[in-house]
Number of protein chains: 2
Amino acid sequence: MIRMIQSLNEHNREDLQEALGKGGQKLTPQREVVFAVLLAQRDHPTVDEVFNRARESMPGLSLATVYNCLETFVGCGLVRQVNHERESTRYCPNLAPHAHFRDKETGQVHDIELPPEVMKSLRSILPPGFDSEVIEISFLGRTKANDPLHSN
Amino acid sequence: MIRMIQSLNEHNREDLQEALGKGGQKLTPQREVVFAVLLAQRDHPTVDEVFNRARESMPGLSLATVYNCLETFVGCGLVRQVNHERESTRYCPNLAPHAHFRDKETGQVHDIELPPEVMKSLRSILPPGFDSEVIEISFLGRTKANDPLHSN
DNA sequence: TTGCGGTTTAGATTCATTCTAACTCATTAA
DNA sequence: TTAATGAGTTAGAATGAATCTAAACCGCAA
């Protein structure tokens, strides 16, 4: 698939700048390109994938910078890390609470919406004294129909 | 803590032998020692931790063998891998369905029982066409009281 | 213009894990 | 008894994602 990496639109750039600002960080050209890559194709790319896509519009970009940018985004709460077993970390700009479904065959990662009731029932299984900030839920399996609505 | 690594009791050795046999694998002295280490202290050790504990009773044991043994156990369904972020894989002989709670401060991993209703409600959030074999749930947070009942 | 701090960069380093090839050892075949 | 087979074990090399390091860069304030 040929895909032009356009820069961020006005709205997204403002969001990015604001979130970075709150975390005491600046908006740089590199950060803008890396963020644009994440928004352009929401397929949970690895750092290498982000790197390769970003270099299409910014050839001088270095891998270390992509690591730095993504770490900064995570620190500012703009982006979530997704880990499966010990494979390369993937990145996802979907901030709504959601689980991940990993297709055993294709390796593709799909977002699964998490209704509040389910979150609540999960929190309820913690014994007293256990205080959880983050809950990670991941499914591993197969997708029979490739529902395009959920294949991001 | 000083801890003697005893070998397996009759009952556990039989279980191990049977499970290995079903997977077309043999019971070897190394596998017995590694399995005994997992049963002796259910604290989700890393490979290195297993290695160090196992060498107390079998000094010639090699790290590669520990990797091999643990992989064999996982293949035979005797043991589960536990991953958190991209830290070293940990191993756990608790086969009942359970989630993991990771203490942000100590790094300790606690098993959290998973009632069938919760499993069901989780399965129900998958859109049609998504068929999941494995569900991994992990909490990250703090434990206020160090409840000894759950600190394995 | 100079200095400063944060950012970017290339390359080196780390470290868990996997791979490789030699070796051991029990069992089977000759 | 000996040879052959094959799974398991071993030490060390190789891999690869991620981190570290030190130099270069850049916008900005003094």
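Data overview
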| read-out | value |
| --- | --- |
| Enumeration of residues in the range B:58-97 that are within 14 Å of DNA strand C (Cβ to nearest atom) and touching a strand residue (DSSP E or B) at 6+ places or on another chain (Cβ under 7 Å) | B:LEU70, B:VAL74, B:VAL79, B:ARG80, B:GLN81, B:VAL82, B:HIS84, B:SER88, B:THR89, B:ARG90, B:TYR91, B:CYS92 |
| Hey, B:GLY77 small (Gly, Ala, Ser), touching a residue at least 12 places away in the same chain (Cβ under 8 Å) and exposed (fewer than 15 other Cβ atoms within 10 Å of the Cβ) or not | yes |
| Residues that are small (Gly, Ala, Ser) and over 15 Å from A:VAL118 (Cβ atoms), drawn from the range B:100-149 | B:GLY107, B:GLY129, B:SER138, B:GLY141, B:ALA145 |
| B:VAL134 assigned to a helix (DSSP H, G or I) and among the aliphatic types (A, V, I, L, M) | no |
| Output for the range B:93-109, where each listed residue is modelled with pLDDT of 95 or more and within 8 Å of another protein chain (Cβ to nearest Cβ) | B:ALA99, B:PHE101 |
| Which numbered condition B:LEU39 fails, given (1) outside any helix (DSSP H, G or I); (2) within 22 Å of B:ALA96 (Cβ to Cβ) | (1) |
| First in the range B:114-128 and more than 8 Å from every other protein chain (Cβ to nearest Cβ), second anywhere and not aliphatic (A, V, I, L, M), Cβ under 9 Å, 6 or more apart | B:PRO116/B:PRO97; B:MET119/B:PRO97; B:ARG123/A:PHE139; B:ARG123/B:SER132 |
| Matching residues, the range B:62-94, being β-branched (Val, Ile, Thr), under 19 Å from B:GLU18 (Cα atoms) and more than 11 Å from the chain's Cα centre (by Cα) | B:THR72 |
| Positions within the range B:42-57 being within 19 Å of B:GLY77 (Cα to Cα) and away from DNA strand C (no atom under 13 Å from the Cβ), in sequence order | B:ARG42, B:ASP43 |
| Any hit, the range B:83-92, residues being more than 10 Å from chain A (Cβ to nearest Cβ), basic (Lys, Arg) and open to solvent by less than 60 Å² (accessible area, probe 1.4 Å) | yes |
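Here is a yes/no grid of residues against (1) within 14 Å of another protein chain (Cβ to nearest Cβ); (2) open to solvent by 40 Å² or more (accessible area, probe 1.4 Å); (3) within 13 Å of DNA strand D (Cβ to nearest atom):
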site	(1), (2), (3)
A:GLU14	no, yes, no
A:ALA19	no, no, no
A:LEU27	no, yes, yes
A:VAL33	no, no, no
A:LEU38	no, no, no
A:VAL50	no, no, yes
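The values are calculated or read from the model by the stated rules, or taken from the named source; none is laboratory data. All of these numbers come straight from a predicted model, not from anything done at the bench. Cβ: placed from backbone, ideal geometry, glycine included. Neighbour counts: every protein chain shown. Just so you know, the surface numbers come from the protein's heavy atoms only, side chains and all, with ligands and any DNA or RNA stripped out. Shrake-Rupley method; radii C 1.70, N 1.55, O 1.52, S 1.80 Å.
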